[in-house]
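S.K.: Structure incoming, see below.
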Amino acid sequence: VGYNCEFCATGYEGDARRGTPYDCQPIQITQPSSRCNPSGTHMERGGRCICKYNVEGDRCDQCKRNHFYLNPTTPNGCLPCFCSGVSTDCTSSDWRRQSVPLAMSNWNVVPKNFATDLYEARDRIQQRNGGREIALDQSSLGRPATEVLYWKAPKEALGNVVTLYDGNIDVHFTNDGND
């Protein structure tokens, strides 16, 4: 499991990074006793809880530093923190995930040096597909077609992205113009 198949799945142990079919073998499981936290425990050996990779504590009931959300469905027990370098401490939240569509109005185009709103393109940006897509004919700006321009998201889409943790931002760009 993992983005690069670098971890063994729950219930298996070994070094998954070697790239052979036999890297991860089933763990010889002795059911954890009631003293081991089942969410953070692979198994118990000789009366000792064997913690999942991102879990620690005698009972395997605490996330390691820079990790949070002890959960039985998480292969490594806890997830790594995502704090954009602001902090290394994080805790779980009782917030729930939901889809939040971003209005496509208030986007703009900026030149390569990212000067703020150098081209006032808002009145030239067309909304399509019920407002879920935007389009711009670069020639309508009176600028060379070879000039590099960047889409600039509105402030509602920038800033604090902590609530996006473990979610997706889907953006699709197409170029219908002449290259």
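The values are calculated or read from the model by the stated rules, or taken from the named source; none is laboratory data. Computed from a prediction, not measured in an experiment: that's the story for all the values here. Cβ atoms come from the backbone with ideal geometry, glycine included; neighbour counts cover every protein chain shown.
S.K.: Go through the stretch 142-168 and count every residue that is more than 22 Å from V110 (Cα to Cα) and either modelled with pLDDT of 70 or more or exposed (fewer than 11 other Cβ atoms within 10 Å of the Cβ) (or both).
M.R.: Result for the stretch 142-168: 2.
S.K.: Within the stretch 86-98, does at least one residue satisfy the condition of being closer than 30 Å to A135 by Cα, modelled with pLDDT under 70 and assigned to a loop (DSSP other than H, G, I, E, B)?
M.R.: Yes.
S.K.: Further, regarding this structure: Sort through K52, K64 and tell me the only one that's within 15 Å of G11 (Cα to Cα), crowded, with 17+ Cβ neighbours inside 10 Å and of a type in the set (D, E, K, R).
M.R.: K52
S.K.: Related question: Only one of (1) at pLDDT 80 or above; (2) loosely packed, with under 12 Cβ neighbours inside 10 Å; (3) not aliphatic (A, V, I, L, M) fails for N4. Which number is that?
M.R.: (1)
S.K.: Considering only the stretch 32-47, state which residues are surrounded by 10 or more Cβ atoms within 10 Å (Cβ to Cβ) and modelled with pLDDT under 80.
M.R.: P32, S33, M43, E44, R45
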